[in-house]
Amino acid sequence: MALPLTFLLLSVGLAVYFYPRLPGEVAYHFQDGLPDRWLSRGATTAWLLVPQFLLAGLSAAVVLGIIRLGNRFQSTANKRTETTLLLMGNMVALPQLVLTFAILAIFSYNSYGIHLMPLWIFAVIVMGLGGIILGAVFFLAIQQALTRKL
């Protein structure tokens, strides 16, 4: 749960820092680099932070659920179970990272007029890196299962 909690705290920190610097109406959607949709700064901040809290709560629920199941089936707990717990508890961090970037992009544009890279490009990069990490973990799990059979 460390990564989801970290991204939640980072998002809250960004909101606290940027909120007084935001105009009354915040541009949150852009077409061809120009803003085309606006919300009040309070609504924008809420729409950006609520999913962060929900995803961090989901991460906590997954970890607590796995811990309870692990306690019930104590004899099957091993290193692979701990790795699975670590991976599943932090998997929620991928969408949280994209949301944190969205917060930074929207707030930096509205506060200072600074455009960051488009959100979809950042999301594709994050998904690609997440896929590589998941593939590596999957490969290691298959390799470990095969060596046990031999």
- Query: Which condition breaks for D36 when tested against (1) touching a residue at least 60 places away in the same chain (Cβ under 8 Å); (2) loosely packed, with under 12 Cβ neighbours inside 10 Å?
  - Reply: (1)
- Item | Boolean, L69 is within 18 Å of the chain's Cα centre (by Cα), farther than 19 Å from H115 by Cα and part of a helix (DSSP H, G or I) | no
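Laboratory data are not the source of any read-out in this text; all were calculated from the coordinates shown. This one's a predicted model, so the numbers in the text were calculated from it and none came from an experiment. We place every Cβ from the backbone using ideal geometry, glycine too, and count neighbours over all the protein chains shown.
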